[in-house]
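Okay, so here's the structure we're looking at.
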Amino acid sequence: MSSKNNSFSLSRRNFLKVSAAVTAATGMGFGANMLNIKKVSAEESEKLAKSLGNVEVKYTADVMCPSECAMEMWVKDGRITKIYGNDSCPFNDGACCAKGASGMQLIYSPERNKYPLIREGERGEGKFRRATWEEAIDYIGKKLVEIKKNYGAESVIMDAGDVTDRDQYYRLFHAFGTPNCVEHGSICDTPRRHGPKLMLGGKRIEPDVMRPVLVRQPDGSLKKDYTYYSKLIIYVGWNPFVATRINYESRGTVGAKVENGCKVIVVDPAHTNTASQADQWLPIRPGTDGDLFAAMLRYIIENDNPNDPLKKYIDWSFKELSVGWDEFEKEFKSWWGKTDPINGKSYFSLDWATDRTGLPIEQIAQVAHEFGITKPAALVWGMQSPGHHYNGYPASILGTALNIITGNIDVPGGAIDTELVKSDKGGDAKGSSLKKKKVKRLVDGKEVEGEVEHLHMDWYGDWPAAWDDVVGDYPRRFREGVALNYGPLKGHKYPIKGFMIRTGNPVMTGGNTKDWIDALTAKDSNGNYKVELVVNIDTLYLETGMYADVILPEASYAERMSLSDVYPSHQVLWLRDRVIEPLHEAKCPTDIMNMIAKKLSELGDADFKASDFWDKYKSEEDFVNEMLAPAPGRNHAGEPIPYPHLPLGYKLQGTPDSLDAGRVTIDHEKKVVKGELVTVDWMRKNKGVAVWPMSWNRFKVFDKEAGKHVASKAVAKTNSKLFEFTFSAYDKYNKLIAETGIIPRGLKEIGYDKYPNTFYWFETKWNPYTNKEYAKYKDEYPFQLICGRVHHAMTGTQMVPWLSEAPVEGIWMPLNNSFKHKIIDMNANNELEEVEKEFKENTFCVGTIAINADDAKKLGLKTGDLAILENPLGAQEKGKVYVTEGMRPGTIKLGFGTGGRFSPGIGPTSKNKDYTPNHSGLVDPNAHSPIMGMPCYADMIIKVIKA
């Protein structure tokens, strides 16, 4: 290791040493036998099946993590006996990781919610009594009717949480009359998505490494293509080998590297599993990814030379597909003449960037040059960073711009905005049209009319540009209520009186844990809870459930039906089919929706009709068929042309085979091609998967008259249907500000009076190396705190003991104290049974504190020692340290959702709550990113005290 000019770098030799050490420690290395898997013959499969007796094979989708891979489950006598990946789905191509394979320990867990519960003690005490479904639904229905009558339907929030299959709950509460229906995306990584949303109309840029892809051949046939084209992938704050949100990135990154010589660069303060397999690791200072991107863009602009093959960085044909580049470039360059008060250097210059990022100046120039000159390439940024930083928005905008101007968007081997090209699903099943219903409210003594949507607590309240909602700011609204600042109902105020939380765990993941607990337990002057009704709908009994008034047991992912489509590179849908009947007294979302709807109707709520609910959706299949109706729902575009016999630019609807065979009707006026509708029955006959053909270059089309490619205007969802460097998406929010003169709270914080129409810049919070306001804390709080995922579904699957046998990167390590706990495990007959198991010391993974070896030595700490982490706000968390070379000095890393787990429903992990740190306990409860209000999970500084 070397340190120079406030930078931290590794020689190649030491990089390889660290890679080997960290990989060995985490048990996640790619050994020599990784790919030596024997393919089972048909005869062997038949022999195995016969030996198992009467086995039924079901195709479904996993929910053991957000990847939701397509799975094949074997069922015997009504019980799941085997779990495999479904090789008919290109998203995971038959792969099944440890998370998916561990599903039976969740499905059959003794810790799961088995029947409805009604609270008897105070919220948080965990005192409940068993209730019947009829009793629980009656309790909920009466309370909802009372809240709607006294405060308005908008006073109820439906938070559909961390897990998919949420459309039924959206439909239920849109009909109820509240626009406040949200999901976990708002506390996931909204700053990360902001650039693609503004500039492409999309959300999530990923490398083109999903293989196989179904591609039209020159002879007209369709074939699976396994070819990798990528030559360079830069992962910034993104760790796909652990945070397997996008399953194909794990195998695809390795595939591109091995088969096409793709270079992989990882930019991360921690030496992650992905970094261990990369060609280069850049241990950047936390919170400075945007600084790196800005320096890369300045370097590329200043040094681009179309006449020099070694400096031909910019593919100027991007201007044919874009609007506003000149304005963007002008504003970006205007910062070059400004001096950064933190270091006295010109913004975005190489020496400015090396001072802030801690990376050597030569390394920054090298990365910028390589990205500019290498085609195809993909720049991909992550959830933890910049997604969890206050100023993640400029970073996301710059990253998107870099992919566009270098000509890497949607080319083979380049960067794909997967949100724009995945299949459409849902239709009006979730009842979005119900938000257009007219409503009247009294404002300043006058009756005013608007639509249900105009009551939205964020869009017309404090966060007008928060298109993914602001769950992280709920605690404040629980205590203070909502005031509408914009729209036809401006001036209307209402309290939050009902909180329906389904599968989410915001007490642990929605921001600061203590702040959430305070908000859920806050009482008025009469001693009544301010939020009068809290209902938790979940398979699992997590921490948030402890603060509920009613708990409804939802069927597990193997006991219900829905769809998955998690960011593939083209239109692919796979069915989450019901594999077994719901266990215990659990019910599926469709049944829960219908039961509550029917009860509200019986109690006199005229907004609920049989024709919209229980008569319309007599089964899960009815609901999912409606969700499938629009599929694939994308415009026909790209090369090779997916269906050469169908018109380009028209929206496609129908099964892959009907579109391919031409069994379609074409509406030239509406530009829609309709084939035979995709149905659950069709999906089942095709191993649960629908795959439409892949194409690239979907943002452009060849104009024969002009003799060149022009914008297709078929894929981008911006207002202009082009790549936008001037942000028209902000126009409608600025119009609201102009009408009222009220500046949103987040914009005030960063000194803006409206949303900028092109490039903008502001600093993050709690970073003494980039923001002068926090420089005073540098000496007393010398460590920056970051977090990362481990192999779990947010905070839901830590109750699966098998997953506690696999360590992760120093933040989920076998450092437990000895304890006993009842679990589901395999017996000698290879069958699951409930047993009490003793977990001896240092055999069970727990949340730990990853610290650099030199830092640990200075503090007198060694692996396994207890330490206290304290932030400037006085919050403390205690945990065991794990000493590693794989961490940038001055950085502490914790797992997200791994420590301080206090719900007994989390199983054996709850036994370790007193010596495992909860990252959310150290988050600043008042720090929300200024555009979309996301909690600033990665913006905090701490000191480390040996306990």
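What the table below lists for this structure:
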read-out	value
Residue count for region 601-622, restricted to those that are more than 16 Å from residue 590 (Cβ to Cβ) and either among the hydroxyl-bearing types (Ser, Thr, Tyr) or within 35 Å of the chain's Cα centre (by Cα) (or both)	3
In region 578-607, the residues that are more than 21 Å from residue 564 (Cβ to Cβ) and touching a Leu at 6+ places or on another chain (Cβ under 7 Å)	596, 597, 600
Test: residue in region 661-677 that is surrounded by fewer than 17 Cβ atoms within 10 Å (Cβ to Cβ) and within 23 Å of residue 562 (Cβ to Cβ)	yes
Candidates 526, 505 - the one that is surrounded by fewer than 23 Cβ atoms within 10 Å (Cβ to Cβ), over 13 Å from residue 156 (Cα atoms) and not assigned by TED's automatic domain parsing to the domain that holds residue 920	526
Failed criterion for residue 441 (all others in (1) within 24 Å of residue 168 (Cα to Cα); (2) in contact (Cβ under 8 Å) with a residue 40 or more places away in the chain hold)	(1)
Condition check for residue 304: surrounded by fewer than 21 Cβ atoms within 10 Å (Cβ to Cβ) and closer than 21 Å to residue 756 by Cβ	no
Number of positions in region 164-185 that are under 28 Å from residue 569 (Cβ atoms) and either at pLDDT 90 or above or touching a strand residue (DSSP E or B) at 6+ places or on another chain (Cβ under 9 Å) (or both)	8
Verdict on residue 790 being of a type in the set (A, V, I, L, M), in the same structural domain as residue 873 (by TED's automatic domain parsing), part of a loop (DSSP other than H, G, I, E, B) and under 30 Å from the mean Cα position of the chain (by Cα)	yes
Some residue of region 431-442 being within 18 Å of the chain's Cα centre (by Cα), at pLDDT below 95 and surrounded by fewer than 24 Cβ atoms within 10 Å (Cβ to Cβ)	no
Selection from region 196-238 of residues that are assigned to a loop (DSSP other than H, G, I, E, B), under 29 Å from residue 722 (Cβ atoms) and either out of contact with any Asp or Glu (no Cβ under 9 Å at 6 or more places or on another chain) or of a type in the set (Ser, Thr, Tyr) (or both)	229, 230, 231
Strands (runs of 3 or more DSSP E) enclosed by region 863-947 - at least 3 residues per element that are surrounded by 24 or more Cβ atoms within 10 Å (Cβ to Cβ) and modelled with pLDDT of 95 or more	876-884, 891-895
Members of region 897-909 found to be under 25 Å from residue 935 (Cα atoms), in contact with a helix residue (DSSP H, G or I) (Cβ under 6 Å, 6 or more places away or on another chain) and not small (Gly, Ala, Ser), listed by number	901, 902
Scope region 804-813; condition within 21 Å of the chain's Cα centre (by Cα) and on the phi < 0 side of the Ramachandran plot; matching residues	808, 811, 812
Residues of region 463-503 satisfying the condition of being of a type outside the set (Asp, Glu), in contact with an Asp or Glu (Cβ under 8 Å, 6 or more places away or on another chain) and part of a loop (DSSP other than H, G, I, E, B)	463, 464, 466, 470, 485, 486, 488, 491, 497, 503
Residues of region 826-840 classified as within 13 Å of residue 108 (Cα to Cα) and either without any contact (Cβ under 8 Å) to a residue 40 or more places away in the chain or outside the structural domain of residue 907 (by TED's automatic domain parsing) (or both), total	4
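The values are calculated or read from the model by the stated rules, or taken from the named source; none is laboratory data. Small disclaimer: the values here were computed from a predicted structure and weren't measured. Every residue, glycine among them, receives a Cβ derived from its backbone with ideal geometry; neighbour counts consider all protein chains shown.
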